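One structure is given here, and the rest of the page talks about it.
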Amino acid sequence: MENQLRLQIDEGDWIRPAWERALQRAERRLGREAIQTWLRDAHPVSFKEGVLVIAAPNGTARDWIEKKYGRALAEVFGEEQPAAQPVAVRVVVDAQAKPRRDRPRRPEPESEPPPRRIPASGLFAPIPLNDKYTFENFVVGHSNRFAHAAAMAVSERPGRHYNPLFIYGGVGLGKTHLLQAIGHRLLEANPRARVAYISGEMFTAHFITSLRESREEEFRRAYRSVEIWLVDDIQFIADKTSTKQEFFHTFNELYLTNRQVVLAADRPPKELRLMEDRLRSRLEAGLMAEIGPPDLETRVAILERRARAERVEVPTDVLLHLAAAIESNVRVLEATLIRLLALASLSRAPVDVALAERALQAFRVTAARGPLTAEEVRRAVCEHFSVSESDLLSDRRDKRTSRARQVAMYLLRAHSQCSLVEIGASLGGKSHSTVLYGCQALEKAMRDDPALAAEVRRLGARLLEGPAHS
Ligand code: ADP
Ligand code: MG
C-alpha cells in the first residue's frame, strides 16, 4: 500500500507542489484552523481524469474533509493543476498518513527531544524548550527591561506575585525567548518541575484531537497536572467557542490552584478577539508587560552576542551598520548577520561594511522577491545531498536522508514564512514537533561542526541569491 501510494506521487511530481499551493490558498478561505486541524495529516495520492484523490489518516478526518472542505479544495486545486480545470475530490483513508503517535515508535536518535527536560504525557506532550532561549542569552535594553524583570521575578517565585503574567508585543521581539527562559530557569532549580511550554496553535490542535478521538479525560489530565504553564501566541487559539471555553477552564483551574501561568500574544488582552470577558479581566488583573522594538544600542548588543555565539569576530562598525538598517525585528536582524557570515564564507571576503551592505541588499531583494518556497528548498536540498524527493518526504531515517530533511526544515524555518505545521506538511506530513526537533538537532550539529554550519549557510545563501547565483 505504501509503495503504491508513493509511486503514484512520484509519477506526477507537480501534484505535491500544486497541493501545497492549493492549501495555502485554501487557508485564506477556510481559515488556518481548518487547515492545521484537518488537512495537515492529509496528502495527495493521485490525480487522474479530473479526480484528485486525497489520503486522510482516519475515517473521521475523511468524512470531515469530504463534507466540509471538498468543494473548496476542488476549486483551489483545480486552479493549480496544469490544465486549470475544475476537479472532483475523493478522500480515502490511508493508515500511513496517520500521525506518528499511532505507529510503533522507532528510536530516532538525531531528532528526539532531550529526555529529561519535560515530563512527556503522550499525545498531549508539550513542546520541548529551545536550548538557546535562556536568560543568559537575552539582552536587556530599554524596550524589554520590564518584561525581562517580570519574567525573572516569576521564575524566582512562581505562582506567587505575578500571576498570571502576560507578555505582549510585535513579531520577533523576544516573547518566545522570555517564556522559554522562565521554563529553563525553573527546570534548573528543579529538574522535576512540571513545566509545560505550548503554543495556542497546539492547544487548539490538542483539544480538537481529544474530541475527535474521545480522549478528553486524558487531555484534561495532561493539561491540569501542569505546575508552570507557559502559553505562547495565544492569539492563535482558534476563534471557536468550545476551544476558547476549554482554554478558559484550563487557565482557571491552574490559576485557582496557584500554578504559575505565563501567556504571550502579539497584542494586549483587550484586543484579543478570543477572550471571554472573565478571562480578560483575570489577565488584566495580573501583570501585563509589553515588549517594544529594541533601540539601536540593544540591537548592537544582540548582534554582538550572536556573533560571539557563532564564534566569529565582527567589527563594531559592521554591527552598527546592520543594526542601523534593521529596526523592528530581532529575528530578521539576526538572520541578516547570519547571512553576512554566509556571504563572507561563500566569497572568502573579509567581514566589513561593504559586505554588510551586500548582505542587506540581498536581504532587501529577498524581501522583494518574497520568502523561499517549500518547493525551492526541497529541490535544492535534494540536489545538494543527492537524495530523491520521495526519500526526503518519506520516513527513511538513514543518516544522509535525515540530515537532508533536517536541513530542509531548518532552511524553511529560517527563510520561508511557513509555520512549523506547514513545514511538516511540505516534507511529507511530518508533525509540528518533528520539525521542531529536527531544527534543534541541526542547530546543535552546526554548533559542534563549523564545516557543517558553513555548508548549510552557503546553501541558504545560494537559495536566497536566486537564479543569479546558481
Ligand atoms: P517573538 O516570540 O516575540 O516573535 P522570539 O522570542 O522568537 O520573538 O525572538 C526572535 C529571535 O530574536 C530569537 O532568536 C530570539 O532569541 C532573538 N531575540 C529577541 N529578543 C532578544 C534579546 N533581547 N536578546 C537576545 N536575543 C533576542
Ligand atoms: Mg514567538
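The values are calculated or read from the model by the stated rules, or taken from the named source; none is laboratory data. Only a predicted model underlies this, so the values are computations on that prediction, with no experimental measurement involved. Because the Cβ atoms are built from the backbone with ideal geometry, glycine has one as well, and the counts that use them run over all protein chains shown. Note: accessible area is taken over every heavy atom of the protein model, side chains too, but ligands, DNA and RNA are not part of it. Shrake-Rupley method; radii C 1.70, N 1.55, O 1.52, S 1.80 Å.
Cut-off under 18 Å on the C-alpha distance; same-chain residues fewer than 8 positions from LYS430 excluded. Which lysines are left, in chain and number order?
By straight Cα distance, LYS430 reaches LYS98, LYS399.
Using a cut-off of 12 Å between beta-carbons, work out the net charge of the residues near ASN252 (Lys and Arg +1, Asp and Glu -1, ASN252 not included).
On the way: positive: ARG224, ARG259, ARG278, ARG282; negative: GLU246, GLU253, GLU276.
Neighbourhood net charge equals +1.
Using a 1.4 Å probe on the protein heavy atoms only, what accessible surface does ASP448 show? Give it in Å² to the nearest 10.
110
Would you please classify the overall shape of the stretch 374-464 from the alpha carbon gyration tensor, given that a ≥ b ≥ c denote the square roots of the eigenvalues, rounded means a/c under 1.5, and beyond that prolate means a/b larger than b/c while oblate covers the rest? The partial results should precede the final answer.
Working: a/c = 1.25, a/b = 1.22, b/c = 1.02.
Rounded is the answer for the stretch 374-464, as its axis ratio a/c remains below 1.5.
Largest first, how would LYS244, LYS48, LYS399 line up by accessible area (1.4 Å probe)?
Ranked list, largest accessible area first: LYS399, LYS48, LYS244.
Choose one of ALA301, LEU340, GLN180: the residue whose Cα lies farthest towards the positive end of the charge dipole of the chain (beta-carbon charges +1 Lys, Arg; -1 Asp, Glu; about the Cα centre).
Positive-most Cα among the choices belongs to GLN180.
So if I take the centroid of the Cα atoms in the stretch 142-189 and the same for the stretch 272-310, what is the distance between those two points in Å?
Rounded to whole Å, the Cα centres lie 9 Å apart.
Pull out a ≥ b ≥ c, the square roots of the eigenvalues of the alpha-carbon gyration tensor of the stretch 142-294, then state rounded if a/c is under 1.5, prolate if not and a/b is larger than b/c, and oblate in the remaining case. Please report the intermediate quantities before stating the final value.
Details: a/c = 1.72, a/b = 1.27, b/c = 1.36.
It comes out oblate by the Cα gyration axes.
Roughly how many debye, to the nearest 20, is the charge dipole of the chain about its Cα centre, given +1 on each Lys and Arg Cβ, -1 on each Asp and Glu Cβ, and no other charges? Working shown, then result.
On the way: 70 positive and 63 negative charges, 152 e Å.
Here the size comes out at about 740 debye.
To the nearest 20 debye, what charge dipole does the stretch 296-369 have about its Cα centre, counting +1 at the Cβ of each Lys and Arg and -1 at the Cβ of each Asp and Glu?
On the way: 11 positive and 9 negative charges, 69 e Å.
Result for the stretch 296-369 is approximately 340 debye, rounded to the nearest 20.
Would the chain count as rounded, prolate or oblate if I go by the C-alpha gyration tensor, calling it rounded below 1.5 in a/c and otherwise prolate when a/b exceeds b/c, oblate otherwise?
Values: a/c = 1.70, a/b = 1.08, b/c = 1.57.
Judged from the Cα gyration tensor, the chain comes out oblate (a/c at least 1.5, b/c at or above a/b).
Answer with one residue from PRO44, LEU393, LEU123: the one whose Cα lies farthest towards the positive end of the charge dipole of the chain, charges on Cβ with Lys, Arg +1 and Asp, Glu -1.
Highest projection toward the positive end goes to LEU123.
With every protein chain left in place and a probe of 1.4 Å, what is the accessible surface of THR243, to the nearest 10 Å²?
For THR243, solvent-accessible area is about 0 Å².
For an R0 of 60 angstrom, estimate the FRET efficiency from the Cβ-Cβ distance between THR257 and ARG348 and round to the nearest 0.05.
Values: r = 60 Å, r/R0 = 0.99.
Efficiency, rounded to the nearest 0.05: 0.50.
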